[in-house]
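Read through the structure below, which is laid out as C-alpha cells, and then see the notes.
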Amino acid sequence: MTLRTKRIHEAPAKGDGTRVLVDRLWPRGVSKEKARLDAWVRGVAPSNELRKWFAHDPAKWQEFRKRYFKELDANAEAVEEVRALVAKGTATLLFAAKDEEHNNAVALREYLETR
C-alpha cells in the first residue's frame, strides 16, 4: 500500500491511483467531473466540532492528531471502508485545506500507516 495526500484542487495524475476524498464538506470550486474521485468517505473526516476547533492552526496540530485518532478509533466502519479502498496499491487521500502539512488527510495517512 502506497498512500499519498494531495489537494483536490490539483489536477488528477496517473500516479494518484485510487482517489479518495476524506473531507466532510465538498470543496468549493471543484466539480465532480474535475475531481475524478473513486470514492468520497465523509465518515472518516473529523467531526464538525473538532474541525472547527482546529481551524488549521499549526499550534494545535499535535492535540488535533490525538483527538482525531480517538475519533477514528471509535469509527471503525469508516476506517475500514478507507482501508479497503487503499489496500489495492497506490492511493491518494484528497483534501481541500490550503495547509498541505497540517490537515486531516495527512493525519489519516499517518493513522492508516501506523495502526
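Quick note: the coordinates plus some simple rules give every number you see, no bench work behind them. Worth saying up front: this structure is predicted, and the values here are computed from it rather than measured. Counting neighbours? That spans all protein chains shown, and the Cβs are built from the backbone with ideal geometry, glycine included.
Each residue of the range 44-50 in order: what ³J(HN,Hα) in whole Hz does its phi give by Karplus 6.51 cos²θ - 1.76 cosθ + 1.60, θ = phi - 60°, with x for Gly and Pro?
Calculated HN-Hα couplings, in order: 8, 6, x, 4, 4, 4, 5 Hz.
Just to be sure I understand the model, the point goes 7 Å from the Cα along the line to the Cβ. What's the resulting residue 62 to residue 98 distance in nm?
2.6
Sticking with the crude label model, points 7 Å out along Cα→Cβ, report the distance from residue 113 to residue 50 in nm, one decimal please.
Label at residue 113, label at residue 50, 1.9 nm between them.
Which lysines have a Cα less than 17 Å from the Cα of residue 66, not counting those fewer than 8 places away in the same chain?
Of all the lysines, those that pass the test against residue 66 - Cα under 17 Å, at least 8 places apart if same chain - are 52.
When the Karplus curve 6.51 cos²θ - 1.76 cosθ + 1.60 is applied with θ = phi - 60°, which whole-Hz ³J(HN,Hα) does each residue of the range 84-101 get, with x for Gly and Pro?
After applying 6.51 cos²θ - 1.76 cosθ + 1.60, I find 5, 5, 8, 6, 7, x, 6, 9, 10, 8, 9, 9, 9, 4, 6, 7, 7, 9 Hz.
Determine ³J(HN,Hα), in whole Hz, for all residues of the range 30-36 in sequence, where each value follows from phi through the Karplus function 6.51 cos²θ - 1.76 cosθ + 1.60 and θ = phi - 60°; x replaces Gly and Pro.
10, 7, 5, 5, 5, 5, 6
Could you name the lysines whose alpha carbon sits less than 20 Å from that of residue 6, not counting residues in the same chain fewer than 8 places away?
Candidates past the 8-residue exclusion: 14, 32, 34, 88, 98.
Just tell me the longest site-free run in the chain, where the sites are GluC sites (Glu not before Pro) in a DSSP loop having at most 16 other beta-carbon atoms within 10 Å.
For GluC sites (Glu not before Pro) (loop position, at most 16 other Cβ atoms within 10 Å), the longest site-free span of the chain is 11-99.
To one decimal place, what Kirkwood hydrodynamic radius in Å is obtained for the chain from all pairs of distinct Cα atoms? Mind dumping the intermediate values first?
Values: mean 1/r = 0.0708 Å⁻¹.
Result for the chain stands at 14.1 Å.
Please give the contour-minus-distance gain from residue 74 to residue 24: 0.36 nm per residue of separation, less the Cα-Cα distance, rounded to one decimal in nm.
Numbers: separation 50, 0.36 × 50 = 18.00 nm, distance 1.67 nm.
That works out to 16.3 nm of additional length.
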